[in-house]
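The values are calculated or read from the model by the stated rules, or taken from the named source; none is laboratory data. Model, not experiment: these values are computed from the prediction. Because the Cβ atoms are built from the backbone with ideal geometry, glycine has one as well, and the counts that use them run over all protein chains shown. Each accessible area value is taken on the protein alone, full model and side chains, heavy atoms only, with ligands, DNA and RNA left out. Shrake-Rupley method; radii C 1.70, N 1.55, O 1.52, S 1.80 Å.
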Amino acid sequence: MEGTVLTSIRENIATLTFGHPASNSFPAELLDRLIENINRLSGDSSIQVIILQSEGDKTFCAGASFDELIAINNLEEGKKFFSGFANLINAMRTCSKPIIGRVQGKAVGGGVGIIAATDYCFATEKADIKLSELTIGIGPFVIEPAVTRKTGIAAFSKLSLDATEWHSAYWAKENNLYARVFENTRDMDEYVESLSKKLASYNPDALKAMKKVIWEGTENWNTLLIERAEISGQLVLSDFTKKALQKFKK
C-alpha cells in the first residue's frame, strides 16, 4: 500500500507520522491505520502525550484520496468514503491522551479537520488552509463540527464559502485553529518538544480528566458525523459533482 503511518516513542511521548506521495492525502486504508494507531496509544498506560505530524516539509495534508472520491458509484460507497474522516475525528476526540498537532505546510479539506480535532496545535507560516469542497458540489459537512468548535460559525462560514481562497496561517491562529505560528519548522519543533515534555511530566489522571473536559458536549458526534457523511455521500452522486469531477480523472 502507498503511504505510511509510523509511531515512534521516546520515554512517554508518542509521535505519530503519516505520509503519502499524493501530498499526504489519505486513501481509506491509510486512514484506518492512523485510527488504529491512535486507539492503540489511547489504551497504552506508558504514553502520556501524542504528537501528530506528517512527512516532508511541504503539504501537511491534502485530505481524503481524490482517486477514491472519483471512483464512488453508489450511496453506500459514498457514505463509507466520507465516514473515514468522521471515524478519525472521533478517534482523536475520544483518545485518552492529549494530541498535539504539528503543521508544517498547507492543509485542505479533511486536513483542516485533523487540525481542528487536535487538542493543541502549532504551525509554521507556510501552514495556510482551505476548504474547497463546495467547488465540486459537496461540502465540509463531516469536519464542520470540529472546525466550528474551534473557530465559531462565522469563521467556518467564511472558510467554507470562500472555497477557492487560501486562508493564511495567521488567519487560522486568529480563529483558534493554531495556538502559535512560527517562522520555521526548527523553532516550532523546539517548542513542541518542550511543551510535550512538560505535559508528559504532569499527573496522567489529571490529563485524562482535562481531555474529557475539553471535549465536553461532543458525546453525540459518533452519530452526528456519520449522518454528515451520508449527506456528502448523496451529494457526490449528483450530476453537478460528477461533471465537476470529470476534469480530475486521469
All conditions in (1) over 20 Å from residue 226 (Cβ atoms); (2) charged (D, E, K, R); (3) in a helix (DSSP H, G or I) are true of residue 102 except (3)
Filtered residue count, region 126-148, keeping only those that are assigned to a loop (DSSP other than H, G, I, E, B) and closer than 26 Å to residue 70 by Cβ
10
Considering only residues that are open to solvent by 100 Å² or more (accessible area, probe 1.4 Å) and not acidic (Asp, Glu), which ones fall in region 210-222?
210, 212
Could you pull out every one of the helices (runs of 4 or more DSSP H) wholly within region 149-250 that has 2 or more residues that are in contact (Cβ under 8 Å) with a residue 12 or more places away in the chain and over 30 Å from residue 135 (Cα atoms)?
185-200, 204-214
Evaluation of residue 77 against (1) over 16 Å from the mean Cα position of the chain (by Cα); (2) at positive phi (one fails), failing number:
(2)
Determine which member of the set 225, 237 is open to solvent by less than 70 Å² (accessible area, probe 1.4 Å) and at pLDDT below 95.
237
Any chance region 193-209 includes a residue that's out of contact with any Leu (no Cβ under 7 Å at 6 or more places or on another chain), loosely packed, with under 15 Cβ neighbours inside 10 Å, polar (S, T, N, Q) and modelled with pLDDT under 95?
no
Search result, residues across region 28-47 that are open to solvent by 20 Å² or more (accessible area, probe 1.4 Å) and not in a helix (DSSP H, G or I):
43, 44, 45, 46
In region 133-168, residues that are under 15 Å from the mean Cα position of the chain (by Cα) and either surrounded by fewer than 17 Cβ atoms within 10 Å (Cβ to Cβ) or over 18 Å from residue 63 (Cβ atoms) (or both) total 1
State all residues of region 1-27 that are part of a loop (DSSP other than H, G, I, E, B) and farther than 27 Å from residue 195 by Cα; if no residue qualifies, say none.
1, 2, 3, 20, 21, 22, 23, 25, 27
Filter result (of a type in the set (Gly, Ala, Ser) and surrounded by fewer than 17 Cβ atoms within 10 Å (Cβ to Cβ)) within region 70-95
71
